[in-house]
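For reference, the structure discussed in these notes is given below.
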Amino acid sequence: MITFSEKQLKRWFEVACVWETISCAILFLIAMPIKYQFGYVLPMPFAGTFHGIWFSAYIILIFVTRKMYNWEDEDFIFYLIFAFIPFATLAVHKAIKDKKAAES
């Protein structure tokens, strides 16, 4: 069984926050306009799958890292809801970075 350290899991969660936002931008700002403006559907499955992978990673990792970050229930629920709001996972990433900076 593969095991990851707390530091590795936190790093993967931070990466998932950023890439979920990037993949959402690719899907909404590139693939969907190409589909609906030009009728060219080829980018959609790739962009959709790419976004789905990072969205799923964010959801899984938020449950895994919840205790590591010592989030209160209210923060956890907000961060979980942010997964369903386009580009909001970047706010979670910023909150994590701000907390790290405050602790340093």
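FYI, it's all coordinate maths here, none of it is from the lab. Only a predicted model underlies this, so the values are computations on that prediction, with no experimental measurement involved. FYI the Cβ positions are ideal-geometry reconstructions off the backbone, even for glycines, and counts take in every protein chain you see.
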(request) Quote the charge dipole size of segment 7-103 about the Cα centre in Debye, to the nearest 20; the model charges only the Cβ of Lys and Arg (+1) and of Asp and Glu (-1). (result) 320 debye
(message) Within a 10 angstrom radius of the beta carbon, how do Ser5, Ser56, Ser23 rank from fewest other beta carbons to most?
(response) Ser5, Ser56, Ser23
(request) Report, in cubic angstrom per residue, the convex hull volume of the C-alpha atoms of segment 7-103. (result) 82 Å³
(request) Could you calculate the FRET efficiency of Asp75 with Tyr36 from 1/(1 + (r/R0)^6), where r is the beta carbon distance between them and R0 is 22 Å, rounded to 0.05? (result) 0.05
(message) Please compute the contact order of the chain in relative form: average sequence separation of alpha-carbon pairs under 8 Å and at least six residues apart, divided by the residue count, as a percent.
(response) 36 percent
(message) Could you list Val92, Val15 so that the one with the fewest beta carbons within 10 Å of its beta carbon is first and the one with the most is last?
(response) Val15, Val92
(request) Could you list Leu42, Leu61, Leu27 in order of exposure, starting from the residue whose Cβ has the fewest other Cβ atoms within 10 Å? (result) Leu42, Leu61, Leu27
(request) Can you give me the span-like helices of the chain, meaning DSSP H runs with 18 Å or more of Cα extent along the axis and Kyte-Doolittle mean at or above 0.5? (result) 43-69
(message) For the chain, what does the helix formula give at 222 nm: sum of -39500 (n - 2.57) over DSSP H segments with n ≥ 4, over the residue count, nearest 500 deg cm²/dmol?
(response) -25500 deg cm²/dmol
